[in-house]
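Readers should treat all values here as calculations from the given coordinates under stated rules, not as data from a laboratory. Because the structure is predicted, anything quoted here is derived from the model rather than measured. Using ideal geometry, Cβ is built from the backbone for each residue, glycine included, and neighbour counts are taken over all protein chains shown.
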Amino acid sequence: MSRSDHQPPSGSESDIERHVLNYARTHPEMGQAKVAEALSAQGHEISPSGVRYIWQRHQLETTTKRLQALARHNPKGKSAVLSPRQTKVLERAAASRKIARFSAVIGDDAGSEQERSSLILLAAARLFAERGYDGTSVRDIAETVGLLPGSIYHHYPSKEDLFVSVHREGFRQLTALVDAAVARGKTPRQRLELLCAAHIDALVAVNPITTVAGKSLFGRHAPALEKRLASDRQRYEDILRTLIADLPLKRSIDQSLLRKFILGALNWTLVWYKPGGKSPGEIAAQLMAQLLPDTK
């Protein structure tokens, strides 16, 4: 692109730049084409690329950057200068960046279709983990990743389909973690303890996808959705069922109830666990000591 593409044919550069920067302050949500059109109507000829060139020089090329600059330079803080809508735009951008860092997706546009789908999955998992299935809408998920609801439906036909995808991926990851942990055990009790430690670790980690899977083991949904989730839960419970069956238990012990007791205790850690206390491994050891004091 030539220099003339950036610079307007009339008016001094400082005058044009002053007008462009003024629009960045007074209309931060206007795009470069709209700003160029408005300025041209006022007799200040400039192309959209010329507007963007000036914005880039001042690190104002995105709506988020313009809003951040506006809030940063206001002595009374962003609440005094930004509208509720503009504040929400910044909050969505912050959430999107957090998810993008977590998923290692590079770039504001989330790259490929697969990367965008993964970003949506992570955003949905975070909201499902925080608010539950019924408390989360497709619009909430779309706002978190900076997309329109229709873009979510392009990847996932419905909220239920999206939840099932999060659920399935969560159990895939949880099962892989548990399998790797159990393989290190030498005795039935040790293998069960390692499963418990891995389960707790997955629940309290920063990964909301495995958190959703863990919560699902004691969550309840509409019958149609429960039916779609059942197979993932069943496969995971089968691992625990097999480990319990290998234990040298008294005949009077109800293995089905023991399995439920263990799952209940494991998932309850989501309520009381605080970083800096006992580790998942220490918690699992205490659980085994109290539930199964006579086994080895």
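Residues His73, His58, His167, ranked from the fewest to the most other C-beta atoms within 10 Å, line up as His73, His58, His167.
Here the range 245-274 and the range 15-77 have alpha carbon centers that stand 60 Å from each other. To the nearest Å, what is the center-to-center distance of the range 112-143 and the range 167-219, using C-alpha atoms only? Each part's Cα centre sits 22 Å from the other's.
Charged side chains reduced to their Cβ positions (Lys and Arg at +1, Asp and Glu at -1) give the range 161-291 a dipole of some 260 debye around its Cα centre. Shape index of the range 178-296: Rg/Rh, with Rg the Cα radius of gyration and Rh the Kirkwood radius from the inverse mean 1/r over Cα pairs, equals 0.96. Applying both filters, DSSP loop and at most 13 other Cβ atoms within 10 Å, to the trypsin sites (Lys or Arg not before Pro) of the range 144-195 gives Arg184, Lys186. Across the cross-link table entries Lys34/Lys65; Lys65/Lys274; Lys274/Lys296; Lys186/Lys227; Lys215/Lys296, which are compared at the Cα atoms, the separations over 25 Å belong to Lys65/Lys274; Lys274/Lys296; Lys186/Lys227; Lys215/Lys296.
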